[in-house]
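Input: a single structure, listed below in structure tokens.
The values are calculated or read from the model by the stated rules, or taken from the named source; none is laboratory data. What you see is a predicted model, and the numbers here were worked out from it, not measured in a lab. Heads up, the Cβs are rebuilt from the backbone with ideal geometry, glycines too, and the neighbour counts pull from every protein chain shown. Ligands, DNA and RNA are stripped out before the accessible areas are found, and what is left, the full protein with its side chains, is counted by its heavy atoms. Shrake-Rupley method; radii C 1.70, N 1.55, O 1.52, S 1.80 Å.
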Amino acid sequence: AIKIDFEFMIYHIVYGQLLADTEEYEDALKEYEIAQEEYKDTPIYHYGCGICYEGMGQMEKAVPYFEKTLELENVYAGACEKLSDYYRDLYEKVYKPEYLEKAISYMTRQIEADEDAYYLIGRGLLYLNNMYLNYYTFHVL
């Protein structure tokens with residue numbers, strides 16, 4: 001389809017998604033860059049770029065894309081989950097309460113849009129992990 005109509009930018013977005021699905025992240029980013037001008041104000045563009053950077057092990061670069069995704073679309077399940085996981089992992093590494101608060105806020109945002117058991121359990125696990133970290137930090141160590 002791209003060979004037939006290179007100027008139809010949705011083809012580049014779709015091709016970028018296909019490349020990301022096969023873990024060809026650098027090539028996927030090139031496709032997103034081609035479509036950037038037309039799609040820079042859409043959540044699908046920012047989420048796709050975030051997925052690529054995450055896949056390349058560059059989560060610090062992915063985070064702003066996931067945050068922009070949520071700025072453009074209040075609840076985008078994948079972005080809420082990615083950010084919640086990212087801040088949970090940071091919390092578990094450096095034990096800063098603000099990271100736990102961010103992780104919980106992203107998961108809560110998702111739950112408010114879709115009260116699914118999967119997300120409720122995920123949020124519960126965030127609280128449970130915090131409880132264990134507090135216990136071991138203050139009672140065992």
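Test residue 128 against the criterion of being part of a helix (DSSP H, G or I) and surrounded by 12 or more Cβ atoms within 10 Å (Cβ to Cβ), and give yes or no.
No: the conditions fail for residue 128.
Results for (1) buried (at least 22 other Cβ atoms within 10 Å of the Cβ); (2) more than 17 Å from residue 18 (Cβ to Cβ); (3) aliphatic (A, V, I, L, M), shown as yes or no for each residue.
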position: 33; (1), (2), (3): no, no, no
position: 37; (1), (2), (3): no, yes, no
position: 40; (1), (2), (3): no, yes, no
position: 46; (1), (2), (3): yes, yes, no
position: 49; (1), (2), (3): yes, no, no
position: 53; (1), (2), (3): no, yes, no
position: 61; (1), (2), (3): no, yes, no
position: 65; (1), (2), (3): yes, yes, no
position: 68; (1), (2), (3): no, yes, no
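Take residue 65 and decide whether it is touching a residue at least 40 places away in the same chain (Cβ under 8 Å) and over 21 Å from residue 119 (Cα atoms). Lay out the reasoning, then the answer.
Details: touching a residue at least 40 places away in the same chain (Cβ under 8 Å): no; over 21 Å from residue 119 (Cα atoms): yes.
Against the criterion (touching a residue at least 40 places away in the same chain (Cβ under 8 Å) and over 21 Å from residue 119 (Cα atoms)), residue 65 does not qualify.
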Against the definition (in contact (Cβ under 8 Å) with a residue 24 or more places away in the chain and part of a helix (DSSP H, G or I)), how does residue 54 come out, yes or no?
yes
Checking residue 74 against (1) without any contact (Cβ under 8 Å) to a residue 40 or more places away in the chain; (2) open to solvent by 60 Å² or more (accessible area, probe 1.4 Å); (3) in a helix (DSSP H, G or I), which single condition isn't satisfied?
(3)
Somewhere in the range 17-40, is a residue in a helix (DSSP H, G or I) and among the polar types (S, T, N, Q)?
yes
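Rundown of residues vs (1) at pLDDT 95 or above; (2) touching a Cys at 6+ places or on another chain (Cβ under 6 Å); (3) farther than 19 Å from residue 77 by Cβ, yes/no style:
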residue: 5; (1), (2), (3): no, no, yes
residue: 8; (1), (2), (3): no, no, yes
residue: 23; (1), (2), (3): yes, no, yes
residue: 38; (1), (2), (3): no, no, yes
residue: 43; (1), (2), (3): yes, no, no
residue: 61; (1), (2), (3): yes, no, yes
Just to be sure I understand, how many residues within the range 6-16 are assigned to a loop (DSSP other than H, G, I, E, B) and open to solvent by 30 Å² or more (accessible area, probe 1.4 Å)?
3
